[in-house]
Structure formats: C-alpha cells, structure tokens
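Below: one structure, written as structure tokens.
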Amino acid sequence: MPLAIEKQKRYTYEDYYSWDDGKRWELIDGVPYAIAPAPSDSHQRISSNLHLQFASFLKGKTCKVFHAAYDVRLNADTGDDTVVQPDLVIICDQSKRDERGCKGAPEMVVEMLSKSTEKYDRVTKFNLYQKAGVREYWIVDPESKTVAVHMLESGRYITNMYSDEDTAPVHVLEGCEIILEDVFAL
C-alpha cells in the first residue's frame, strides 16, 4: 500500500493486489479501508462453529464455503474496484472462482460483528451486498447471540432475525439449516 493514500484517487483491484505492506485491506468503489486487527477469541470460535456446519452440509456438493481472508471481487466484470473479505462466503457457481478468490457476487456472505465493524457491516456492506446481488447476507452478533438473515427479493433485502435458541434455514442451500445453539457454543 502506498505510504499516503490520495483521497481523490480511486484504486482498482490490480492496485489492491500489488499492496504488500502486511496489512489486510478492502476496497469499496475504489476507496481502501483497513481491516481491523485479528478478531477476538469468541469471534474465531463462533466463525469456526458456523464454518463447520456449512462445510459438513456442503461435503460432496458443488457449492463451497470459504473463510477470511478470501477476496471477493464484487464487480470484477465492470469497474473491478471493489474487493471485500467476508468472514465466510458460499459460492455455488464454480466459474466465479479462481486462484485469487471470487469474481462476482457469491450466493451468500456472512459477517461477524465487532464493536469496530458494526456500522461498516450493518450499513456499508449491507448496501454493497444488496447492490451487487448477493442473494443471502447473514450478520452474526456474538454479543447478543443473534443472526440477522437478509434475503434478496426483487433487488431489496428482506430480514428475519434468529437467536441462539433457533435453527436458521439457509435459503440459498436447499435443506440446509444451521443450529445456532451450536454456533454460539463457546
């Protein structure tokens, strides 16, 4: 990453890919955003528990689950100036995968909230994923032990809330249900 970011300059995926300062970045509409330091222990355990349930369900299936750090280039076919690294991502269209990550909108994205990322995940990424056509977007809140499930319908997200006492259906994976008590078990 350049030592000084030019506020007026917009960066591309190729710029982003060349940065080697040891930090993790996301790029939204050409603007770089530093990713918070390593997540907390509870964040990691909850993310691992969720990944395990997805991976078990997807074993032997075309769809695959990936965890951070995994580049998702939401507009790879147009401006290629937006790259995010969700906590978890599910991709069913194999043509969207390459050695660098995902090219285009995946079927599903999961973000885990922290105090430093809450507004970014609930507002910036919500709008970004909705606009890009991500069919299902989960926001996992480790503190309240809830999951906001946003499903894309007619270009807008419709939201259902689930708690750690619920089993949450995964709409983009027919027959997949996530046992949230197991996800939040620490």
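The values are calculated or read from the model by the stated rules, or taken from the named source; none is laboratory data. Source: prediction; values computed, not measured. Cβ atoms come from the backbone with ideal geometry, glycine included; neighbour counts cover every protein chain shown.
So here's what we get for this one:
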{"read-out": "The lone exception for E143 - which of (1) at pLDDT 95 or above; (2) part of a loop (DSSP other than H, G, I, E, B) it fails", "value": "(1)"}
{"read-out": "Close pairs from the stretch 155-174: first farther than 17 Å from K131 by Cα, partner in a loop (DSSP other than H, G, I, E, B), Cβ under 7 Å, at least 6 apart", "value": "S163/K145; D164/K145; D164/F184; V170/C176; V172/E107; V172/R135; L173/C63"}
{"read-out": "Any hit, the stretch 124-145, residues being closer than 21 Å to I178 by Cα, among the hydroxyl-bearing types (S, T, Y) and in contact with a Cys (Cβ under 7 Å, 6 or more places away or on another chain)", "value": "no"}
{"read-out": "Residues located in the stretch 93-150, provided they are touching a Ser or Thr at 6+ places or on another chain (Cβ under 7 Å) and over 23 Å from Y162 (Cβ atoms)", "value": "Q94"}
{"read-out": "Among the residues listed as A36, A76, the single one being aliphatic (A, V, I, L, M) and surrounded by fewer than 16 Cβ atoms within 10 Å (Cβ to Cβ)", "value": "A36"}
{"read-out": "Pairs, first more than 14 Å from R100 (Cβ to Cβ) and of a type in the set (D, E, K, R) in the stretch 72-89, second at pLDDT 85 or above and not in a loop (DSSP other than H, G, I, E, B), C-beta under 7 Å, six or more apart", "value": "D81/Y13; D81/L27; D87/S47; D87/H67; D87/V110; D87/E111; D87/M112"}
{"read-out": "Residue in the stretch 21-29 that is closer than 21 Å to Y137 by Cβ, in contact (Cβ under 8 Å) with a residue 60 or more places away in the chain and more than 14 Å from the chain's Cα centre (by Cα) present", "value": "yes"}
{"read-out": "Residue satisfying condition, being in contact with a Pro (Cβ under 6 Å, 6 or more places away or on another chain), surrounded by fewer than 20 Cβ atoms within 10 Å (Cβ to Cβ) and at pLDDT 95 or above, within set E181, E165, E177, E153", "value": "E177"}
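Residue-wise test of (1) in contact with a strand residue (DSSP E or B) (Cβ under 8 Å, 6 or more places away or on another chain); (2) surrounded by fewer than 17 Cβ atoms within 10 Å (Cβ to Cβ); (3) within 18 Å of V140 (Cβ to Cβ).
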{"position": "H67", "(1), (2), (3)": "yes, no, yes"}
{"position": "D80", "(1), (2), (3)": "yes, no, no"}
{"position": "D98", "(1), (2), (3)": "no, yes, no"}
{"position": "E111", "(1), (2), (3)": "yes, no, yes"}
